[in-house]
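The values are calculated or read from the model by the stated rules, or taken from the named source; none is laboratory data. This is a predicted model, so every value here is computed, not measured. Cβ placement follows ideal geometry from the backbone for every residue including glycine, while neighbour counts extend to all protein chains displayed. Each accessible area value is taken on the protein alone, full model and side chains, heavy atoms only, with ligands, DNA and RNA left out. Shrake-Rupley method; radii C 1.70, N 1.55, O 1.52, S 1.80 Å.
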Amino acid sequence: MKKLFLLFLMGFAVQISFAQTDVVEFLKGGKADANNLIQAYLEPYAYALGDGLNNGWYNSAATHKLFGFDLAVTVSAIQIPEAARTFDVSKLGLTNITVESGGNIAPTIAGTNVSGPRLQVNDNQGNPISSFSTPNGLGLNLVPVPMAQLGFGLLPHTDVIGRYLPDMKYNNNGDEMKLGFWGIGVKHNFMEWIPMLKKLPFDASVFGSYSEVNAQSSLTNNSSGLGTDNIYVTFANDNNQMIRLKTMSTKYGLVVSKKLGILTVFGGIAQSTSESTVDLIGKYTVNTTVQLGGQNFTIKDDLIDPVALMFKSKKMSMDAGFRLKLAVFSLFGSINKAQYTSYTAGIGLGIR
């Protein structure tokens, strides 16, 4: 589970988000255009990650007895809608980049695995100096987010739920990746304190959670842009280039459930929020070759920390699901609607 979670998140931050060569290509148009293009390309997976972190926290409104516990492993599959699988390049307000060929519609990271339109980089006078294609989508519009968590009945009618992954490192073809993750949730069955409500034939709890992911990956110095192109990007020779991802998500609301023998049905309504930042850190130099008086000159433009993106989502979320409890084991599944629609399934081991 740890390895699967690590590979997903680091893939989002680096390999899945955008390949190193795509970052280099985007920077040819300058900071502003690069940020606009990458923002539009990554947006679906940023929202999907936020939704995934807010899923799977509960499968019943009932709480454990004091010192009762459960260990659960879940996988959420977030469905990226059709409208989020492409973006319109002409609506991004680009200043140094125009469409050269292939139309205005490009795949997002969740789009089809084909190259997007050919984009043209222009100088300040509007003259073309370079071109590149927007990156392929991954062809994956059902995004999996795996999770493991441990819940304890530490206070009367109150569960405390923890998710934790200590800082882990992973080497990907020379690029060192690092990931840390933690989350905490609290569920309180308020009906147990109110005599009239306590007699009702169902359980109801208030719930709140917070999650945080921090990930980063170094970038290998790559000067593959050198050659006949009039514009190329080089890294500063200091090994300080990296991509950094941080995601924070919160969820708070009401959970209701009804136990029918081995079957429990549950539903919830909550406020779900997420905020993800993706930053390209370090010094990068855009080298542009111009011709003056029959001679070629190279103009260098140093870009420091050129990409800083933020993705925010704040939605009312609703979910409904069921749990089958067989002795100390349980199987559960649910459907959730927040920014996107998602499906969660899991298995648990616990003593209530």
(request) Using packing as a proxy for protection, rank 246-256, 124-134 so that the peptide with the highest average count of other Cβ atoms within 10 Å comes first. (result) 246-256, 124-134
(message) For the chain, what does the helix formula give at 222 nm: sum of -39500 (n - 2.57) over DSSP H segments with n ≥ 4, over the residue count, nearest 500 deg cm²/dmol?
(response) -4000 deg cm²/dmol
(message) If packing is taken as the average count of other Cβ atoms within 10 Å, what order do 184-190, 232-238, 259-265 fall into, highest mean first?
(response) 184-190, 232-238, 259-265
(message) Please report the accessible area of residue 167 (heavy atoms, 1.4 Å probe, ligands and nucleic acids excluded) in Å², nearest 10.
(response) 120 Å²
(message) Taking the solvent-accessible surface of protein heavy atoms with a 1.4 Å probe, what is the per residue accessible area of the chain in Å²?
(response) 46 Å²
(message) Could you order the peptides 334-342, 91-99 from most to least packed, using the average number of other C-beta atoms within 10 Å per residue?
(response) 334-342, 91-99
(request) Whenever you get a sec, compute what percent of the accessible area on the chain sits on carbon and sulfur atoms (1.4 Å probe). (result) 59 percent
(request) List, in the order given, every pair from 251/312; 65/199; 28/91; 169/315; 65/259 whose Cα-Cα distance in the structure shown is over 24 Å. (result) 169/315
(message) Quick query: amide H of residue 55 versus all other amide H atoms, modeled in the peptide plane; which residues come in under 5 Å with a sequence gap of 5 or more or a different chain?
(response) none
(request) Could you pull out every residue, at least 5 positions away or on a different chain, whose amide H is within less than 5 Å of the one on residue 241? Hs are placed 1.01 Å off N in the peptide plane, and Pro or chain starts have none. (result) 219
(request) Using +1 at the Cβ of each Lys and Arg and -1 at the Cβ of each Asp and Glu in the chain, identify which of 189, 242, 161 lies farthest towards the dipole's positive end. (result) 189
